[in-house]
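Everything below concerns the one structure shown next.
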Number of protein chains: 2
Amino acid sequence: MSGASVPVVDGATRIYGIIGDPIAQVKSPAVFTERFRTSGKNAVMIPLHARRENFEACMRGLKSLANVDGILVTIPYKNMVMKHVDVVLPAAKRIGAMNALRRETDGKWSGDIFDGKGFLGGLRSSGLDPKGLSIMLMGAGGAGSAIADALADAGAAAITIFDRNEHKCDALSRTIVQSHPNCRASAGRPRVEAIDLLINATPVGMAPGDGLPAELGLFGKNLFVADIVACPEITPLLARAKESGCGTMGGQAMVAGQSDAILRFFGLL
Amino acid sequence: MSGASVPVVDGATRIYGIIGDPIAQVKSPAVFTERFRTSGKNAVMIPLHARRENFEACMRGLKSLANVDGILVTIPYKNMVMKHVDVVLPAAKRIGAMNALRRETDGKWSGDIFDGKGFLGGLRSSGLDPKGLSIMLMGAGGAGSAIADALADAGAAAITIFDRNEHKCDALSRTIVQSHPNCRASAGRPRVEAIDLLINATPVGMAPGDGLPAELGLFGKNLFVADIVACPEITPLLARAKESGCGTMGGQAMVAGQSDAILRFFGLL
């Protein structure tokens, strides 16, 4: 029970939503609504459960509501949503997916992807700038692709990419080379030698009993290790890094970095 | 700032909305969200601002969202919304308007109008049952029509209807006679003689300096007087009734009666 005198919602409340299927598990409504309230903004973020066959009608209706200012997009709609925006921002265009849309002042909708920007924000908050670094990235799925793109965009010198799916791995390397010719991107086996930053962008570490995402040699203490797995907070990979005296960043920092980046995109930070 | 440990909204929150144009002035989001929270229901009611040209797309989108369970409808859409429901409940069918829609368990949408039920609930909470009564109703607009219908449905013996617009007055009398042959409905001048219940369903009394809605004789103390104007709480008509020792009901009781009736319709009371 809230004892607040300000109502949770009133007629003038601005609406943000997160659309997906399923939706009950998402954290964004609680996180963003709390941040709106803390900053004195009269807005809520609500879950929007769109089944596949209704996704198009839901998007058309939501965009038509004059008090809906932004929409987050989660599984399975990050690709399908692209045709619903008027302006595809650069990272979303390069990656072919988006996870946040906003209404511009002229009424048009634009969209961008914030997985990579969130990782980058978390990394910088943890004291590391990727500019000029040699990076080993494990995982070339949706999150890995967005992270590789953001790191290349931020001036990483080289990114070695590993994925059990060689096709994904090669495709991502080629994409990065094409979009960021100054970044040396290539497929390669997991290693820590001559690497400044080691990143796990696979789900390994999430399940009880998980070990490291790959066989890796001894960690030098100048290696920085980042893991996108947010729960548990200390994955086996991060535990190993901490034992070795390395700097680390966990999945929660990426989540926080992404919230900040999206709030800025919404003009609220 | 809320100190509550339960978030305002999370991924599993069920969504209710109120659609209209304009929307910022509506009270339902605050009132219903507070009632959901008080009763431990994980739900919010949000404002939905649909401009005329977008109303159809908005309704299609909202009905398609699997976690939207109910929609209130306000000006100017109470008539237009009727074609969006699968099942039109009896009062809405008789009146040709609706102000609340719900998703049924089979996925169909049904709709009803609660202005009249709200008035009736308020009246009963104030200790008066209209069954068998002779009633003078001033105002044959949207609210007056819904009230006359609900009173006839509840067994009122006779309803005399006055409106400055004679056409509206005659049309409403005919509608009531047709739908409720046991209720004697007719157009007539405002009077309190041989009347058990006097109702103001006009806006007169809302503006500063307003007097009574019509010239009326002395009020006997057995007369019961109801006013749909909610602000001020004591209209000139109600002040006169109280001075005369009459029982009274104000607009706030109708608002409360309507919220209760809608919460029952939503299966939440």
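Between B:Lys93 and A:Glu34, the simple spin-label model (points 7 angstrom out along Cα→Cβ) gives 4.9 nm. Between A:Gly251, A:Gly211, A:Gly188, the residue with the greatest mean-square fluctuation in the GNM of chain A (Cα pairs under 10 Å linked by springs) is A:Gly211.
Entry note, the protein assembly as shown: the mean residue ellipticity at 222 nm calculated from DSSP H runs of n ≥ 4, each adding -39500 (n - 2.57), is -10000 deg cm²/dmol after division by the residues and rounding to the nearest 500.
Taking Cα atoms of segment B:116-255, Rg/Rh with Kirkwood Rh, to two decimals?
So for segment B:116-255, dividing Rg by the Kirkwood Rh gives 0.92.
For chain B, modelled as a GNM whose springs connect Cα atoms under 10 angstrom apart, the maximal fluctuation among B:Gln252, B:Gln178, B:Gln25 occurs at B:Gln25. Mean partner shielding of peptide A:60-72, defined as the number of other chain Cβ atoms within 10 Å of each residue Cβ, is 6. Segment B:143-177 and segment B:26-83 have Cα centres lying 29 Å from one another. Fewest neighbouring Cβ atoms within 10 Å first, the residues B:Met80, A:Met82, B:Met138 line up as B:Met80, A:Met82, B:Met138.
In this structure, the pairs whose alpha-carbon distance is over 23 Å, taken from B:Lys131/B:Lys168; A:Lys27/A:Lys93; A:Lys63/A:Lys83; B:Lys108/B:Lys131; A:Lys41/A:Lys78; A:Lys83/A:Lys131, are B:Lys131/B:Lys168; A:Lys27/A:Lys93; B:Lys108/B:Lys131; A:Lys41/A:Lys78; A:Lys83/A:Lys131. A point 7 Å from Cα along Cα→Cβ stands in for B:Pro181, and the other copies hold the same point at 8.9 nm, listed in rising order. Using DSSP, restrict attention to beta bridges with both residues in chain A and report what percent are antiparallel, rounded to the nearest 5. So the antiparallel bridges in chain A amount to around 15 percent.
For the rotational copies A and B, the chain A residue with its Cβ nearest the relating axis, together with that separation in Å, is A:Gly61, 1. Considering only Cα atoms, the convex hull volume of segment A:14-113 works out to 94 Å³ per residue. Sorted fewest first by neighbouring Cβ atoms within 10 angstrom, B:Cys58, B:Cys246 come out as B:Cys246, B:Cys58. Using Cβ point charges alone (K and R +1, D and E -1), the dipole size of chain A about the Cα centre works out to roughly 380 debye. Rounded to the nearest angstrom and listed largest first, the equivalent-ellipsoid semi-axes of chain A from its Cα gyration tensor are 34, 21, 16. Counting neighbouring Cβ atoms within 10 Å and putting the fewest first, the residues A:Tyr16, A:Tyr77 line up as A:Tyr77, A:Tyr16. Backbone geometry of segment B:103-110 corresponds, through the Karplus equation with coefficients 6.51, -1.76 and 1.60 at θ = phi - 60°, to 3J(HN,Hα) couplings of 7, 7, 4, 7, x, 6, 10, 10 Hz, x marking Gly and Pro. Shielding value for B:46-56 is 5, the average number of Cβ atoms from other chains within 10 Å of each residue's Cβ.
With r as the distance between the Cβ atoms of A:Ala171 and A:Glu215 and R0 = 35 Å, compute the FRET efficiency 1/(1 + (r/R0)^6) and round to 0.05.
On the way: r = 24 Å, r/R0 = 0.69.
With a Förster radius of 35 Å, E is 0.90.
Placing a label point 7 Å from Cα along the Cα-to-Cβ axis, A:Ser125 is separated from the same position in the other copies by 4.6 nm, shortest listed first.
Taking 56 Å as R0, compute the FRET efficiency from the Cβ-Cβ separation of B:Gln25 and A:Glu193 and round it to 0.05. Calculated value: 0.25.
In nanometers and ordered shortest first, the copy-to-copy spacing of the B:Glu233 label point, defined 7 Å from Cα toward Cβ, is 4.9.
Beta bridges per DSSP, both residues in the protein assembly as shown: antiparallel share near 20 percent. Only helices at least 18 Å long along their axis, Cα-based, and averaging -0.5 or more on Kyte-Doolittle count here, so list those DSSP H runs from chain B. What comes out of the filter, once short or polar helices are dropped, is B:251-265. Relative to the Cα centre, the charge distribution of the protein assembly as shown, modelled as +1 at Lys and Arg Cβ and -1 at Asp and Glu Cβ, gives a dipole magnitude of about 320 debye. Legend: calculated FRET efficiency, B:Asn79 to A:Asn222, from the Cβ-Cβ distance at R0 = 51 Å, rounded to 0.05, equals 0.10.
No lab work stands behind these numbers, since they all come straight from the coordinates. From a predicted model like this one, the values you see are computed outputs, not experimental measurements. So basically every Cβ, Gly included, is an ideal-geometry build from the backbone, and we count neighbours across all protein chains shown.
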